[in-house]
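This report refers to the structure that appears directly beneath it.
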Amino acid sequence: MTLSYTRADFQTDQEVRWCPGCGDYTILASVQQFLARLGRPREQFVFVSGIGCSSRFPYYMNTYGMHSIHGRAPAIATGIAVTRPDLSVWVVTGDGDALSIGGNHLIHALRRNVNIKILLFNNQIYGLTKGQYSPTSELGKTTKSSPFGTIDHPFNPVSLALGAEATFVARTLDMDREHTQMVLQKAYEHEGAAFIEIYQNCNVFNDKAFIQLTGKEERVHNRINLEHGKPIVFDEGKKAVVLRDGQAVIVDSNSVDPGAILVHDETRPDPSVAFALSRLSHGPYGPTPLGVFRNVSRPTYDAEMNRQLEEARAQRGPGDLSKLIRSLGTWTVDEGGEITEG
Amino acid sequence: MAEESATDRPQTQTQTFDRLVIRFAGDSGDGMQLAGSRFTDASALFGNDLATLPSYPAEIRAPAGTLPGVSSFQVQIADYDILTAGDEPDCLVAMNPAALKKNLKDLRDGGTLIINTDAFDERNLAKAGFESNPLEDGSLDSYRVIKVPMDELTTEAVRETGVTGRDVLRSKNFFALGLMAWLFGRPTQPTLDWIEKKFSRKPEVAAANAAAFKAGYNFGETTEATKVTFEVKPATLPAGTYTNITGNIALAWGLVAAAQKAGLPLFYGTYPITPASDILHELSRHKNFGVRTLQAEDEIAGIGTAIGAAFAGCLAVTGSSGPGIALKSEAISLAFMLELPLVVVNVQRGGPSTGLPTKPEQSDLLFSLYGRHGESPVPVLAIASPSDAFDMAIEAARIAIKYMTPVLLLSDNYIANGSEPWKLPNVDEIPPIPVKFAKHPNGPDGKFLPYMRDFDTFARPWAVPGTPGLEHRVGGLEKEAVTGNVSYDPANHQLMVDSRAWKVANIANDIPEVEVEGDQDADLLVLGWGSTYGPNRAAARRARLEGVKVATAHLRYLNPLPRNLGDVLRRFPKILIPELNTGQLLKHIRSEYLVDAVGLNKVMGEPFKVAEITDKILEMKK
């Protein structure tokens, strides 16, 4: 059934309480617009979040939702997805929630390929606790909890997801609604776990962290748009990406044979090239790929679990409780105290 | 020294007892758990009442021949309805010096010792810390000792069966079992049938085990290893069909039954931990019942997936033991705040920390009652015996669903791995568990109000995703009464804390009153919870044989407590509370009812001996 929705149908009557100017507003609008366009009944969506600024998201979505505890959203969403394959289950999380306290749940949801869509709002800072460094903050960053600069080497979330055997990995930007919705569409169509890193500006504690990708001057030079089946070129065609010794390297386009330019194939079974692309940048500080890094097919955990249930029913019939409690062998005492096996 | 020894016993062929305690002890690799459970099943078929107590090391294979590597299995068989696995063995099988060293102190004076003499070489004696050979130094003179070269006789017995190498001595436990079958007059056919079925894919192993078993039996018969054999006549159990059941299996089956009775799919999200893992193993076999099990990446994910499944409309369960429950604590409070049905099983073991992973203890009671942040008074139920786990699992599910709350269900290692005969219920007579999923908006203007409470139960509606028109958000932030919107209003928080507490306290009106058993006019009440059920009642029985009046009562509901408990406690001038902890129910009862109860406490990784409680009763009656 396709319904006719507008964005307003996915808005709740609750006042949205992010700071004015926060990138979360744009992402919320993108997601609401995207869902409205899908036309799928609203009650079939579930949004699960953990703790942090981004995790307030479910309160503003007029779908089913749960604002849970710090880091655990992928586990809770897994419980929903495996028991209810009829639902579309989404996780909204942040860099602290998903990569620090909840790192374990994230990687295991990805390797199991549970049919959930994970939106990681990466602002490279702890916002809700007012400005401590996060697992994606750049090395040396001065924050409230690192007055002498951080000594923590950051994660590259896309590399991490690829290393965790994810079947769908993408990156997008809060400001670019069109790109965001393109990625959401592909994630939605993907059967299995989808991981989307969304660069999200925190204008209070980490403003302009993504200026290299959002600034009018800078973005032209630094956005590497990954498009399936197309050679990877950027900076108005002046720069290109080639593979050398397994590494992705940026070169001047006119310095190489056009045939040597890497053609993006998100469906490559082996994740090595996707990983190489993810290493082009360690953060939004220079040329950085955006788009779908990897999109491959593997049986989903929930489908496999349900397949085993169906096979067991087909082989053994529906469960018979009376037989079950007799399955370890029985003996019967009759009224006369006589005992017989069985 | 025993007053009676083997030599001056009357030379009768068979001595008859009303009950006997038998313990098989050997190295972890000697197959003692198997020998014990086969002996148990044969005894059940013979008609004895029985109870078992396995004991095994936390290490999978501690170095062979050492004291930490000793594994044992105790069973009490009786011609009447017994309540425990017994205090002191009357008969001990010791497969090596370490098994003898570790278990001899428990053997009754004058008891029977069956020893595998082949294992008593210098090396094994040294490993067990014997300075001289107990078989030769006279230290076993107060026992009836049956010396058997089991390695040699087993090797001889299996010679024709085709097993070679290490497999030869693997059948040693069946030799010991055969000898015990002769000594205690157990039927042999059930064991032979079992061997044939169990090892049907390895015919040579089946043949070897059967040969060893028969050789052991024949050894007793032909050599007259002892002049005396033992007999325990069948008990007169009520008519019915029985099975021998452990607490973990009964609990798993109870959950399956609860799901069927509620008409909900069962979901079990968990992480492996001793001694709770067998619940996962059992449930994962029953996929044709629609049971989904998920072995999560950690304890928190175990409960996380269960909370998700509960939101999605399943009978959701997570299970663990103390350390794992500690990790789940934050999530239990979330489930309490979300007001979703969830059963949390805690198979308690010795703590704190890794503690004694394979030993029973009741030391998580206060943790269960109080061990969460914020005001979160979760219902707490406790299983009394292995077969009781079936009923209590259903009860935990009933309360969770009816009141939309997480429920803690306490077991312990004695219940989980101990076994007893269970008279099977007629499953059609188990009452259904009504489930009322919200289907329509419950507020004005077609609005859905997720925190509008039921007038009687104070439960909020359970509206599962996929239901049109009931889209709503739940979460850990405090919710406004009725609407469920996020609220920081001071008066609302007071109202919601009070509402949640009242909802749980009100369950007292929906659970049975506590019953007083035994002498109603006694001045002493023995009060228990959990696995002290058997020992407490057995001790009261023995005390009555000494001519004293004593009553017992047992708590299956720890929060809320039965509504008549205060009145019951005030009827008795003296109250004794035996517990396998340092006095947790004692503290709770004293604080709740201001009664001057007395504790009997031990934390030695083993259940109470009946005599320990009897002695305390007699002391208090002086």
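Coordinate-derived values only; no laboratory data. Being a predicted model, the structure only gives us computed values, none of them experimental. Quick reminder, even Gly has a Cβ in these numbers, built from the backbone with ideal geometry, and neighbours come from all protein chains shown.
Below is a table of values for the structure above.
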| item | result |
| --- | --- |
| Relative contact order for chain A, counting Cα pairs under 8 Å that sit 6 or more residues apart, in percent | 14 percent |
| Likely footprinting exposure, B:409, B:135, A:213, fewest C-beta neighbours within 10 Å first | B:135, A:213, B:409 |
| Cα gyration tensor of the stretch A:99-228 - equivalent ellipsoid semi-axes, whole Å, descending | 25, 20, 12 |
| Antiparallel %, DSSP beta bridges [both residues in the stretch A:142-243], to 5 | 40 percent |
| Fewest-first sequence of B:460, B:108, B:537 by Cβ atoms within 10 Å of each Cβ | B:108, B:537, B:460 |
| Histogram of C-alpha separations across the stretch B:387-452, 5 Å bin width, % | 3, 12, 17, 16, 15, 13, 8, 6, 5, 4, 2, 0 |
| Whole-Å semi-axes of the ellipsoid equivalent to the stretch A:209-323 (Cα gyration tensor, √5λ, descending) | 45, 17, 10 |
| Intensity falloff of chain B expressed as log10 I(q)/I(0), Debye formula with alpha-carbon point scatterers, at q = 0.05, 0.06, 0.08 Å⁻¹ | -0.26, -0.37, -0.63 |
| Value at 222 nm in deg cm²/dmol, rounded to 500, when DSSP H runs of n ≥ 4 in the protein assembly as shown each add -39,500 (n - 2.57) | -10000 deg cm²/dmol |
| Partner lysines for residue B:621 [C-alpha distance under 28 Å; skip if fewer than 8 residues away on the same chain] | B:549, B:574, B:587, B:602, B:609 |
| Over the stretch B:272-336: Kirkwood hydrodynamic radius from C-alpha pairwise inverse distances, Å | 12.2 Å |
| Rg/Rh (Cα only; Kirkwood hydrodynamic radius) as it applies to the stretch A:135-197 | 1.12 |
| Sequence-distant lysines (8 or more away, or on other chains) whose Cα lies within less than 20 Å of residue A:238 | A:216, A:230 |
| Cα pair distances in chain A, grouped into 10 Å bins until the bin that holds the longest one, percent each | 5, 23, 30, 21, 9, 5, 3, 2, 1, 0 |
| Those aspartates and glutamates that a straight Cα-Cα span of less than 14 Å connects to residue B:616, excepting residues fewer than 8 apart in one chain | B:546, B:579 |
| Relative contact order for chain B, counting Cα pairs under 8 Å that sit 6 or more residues apart, in percent | 12 percent |
| Antiparallel DSSP beta bridges within chain A, as percent of all bridges there, nearest 5 | 40 percent |
| Debye log10 I(q)/I(0) for the stretch B:207-300, one point scatterer per Cα, at q = 0.22 Å⁻¹ | -1.08 |
| Globularity index of the stretch B:421-509, i.e. its alpha-carbon radius of gyration over 2.2 N^0.38 Å | 1.41 |
| Entries in A:130/B:447; B:214/B:359; B:102/B:233; B:101/B:147; B:233/B:423 that, when Cα-Cα distance is taken, lie over 26 Å | A:130/B:447; B:214/B:359; B:102/B:233 |
| Convex hull of Cα atoms in the protein assembly as shown, direction-averaged projection (nm²) | 47.2 nm² |
| Neighbour-limited loop hits for trypsin sites (Lys or Arg not before Pro), the stretch A:80-173 (at most 15 other Cβ within 10 Å; DSSP other than H, G, I, E, B) | A:130, A:144 |
| Whole-angstrom gap from the stretch B:546-588 to the stretch B:123-189, using each part's C-alpha centre | 46 Å |
| Percent of beta bridges antiparallel (DSSP, the protein assembly as shown, rounded to nearest 5) | 35 percent |
| Residues with amide H under 5 Å from that of residue B:550, placed H, sequence gap 5 or more | B:519 |
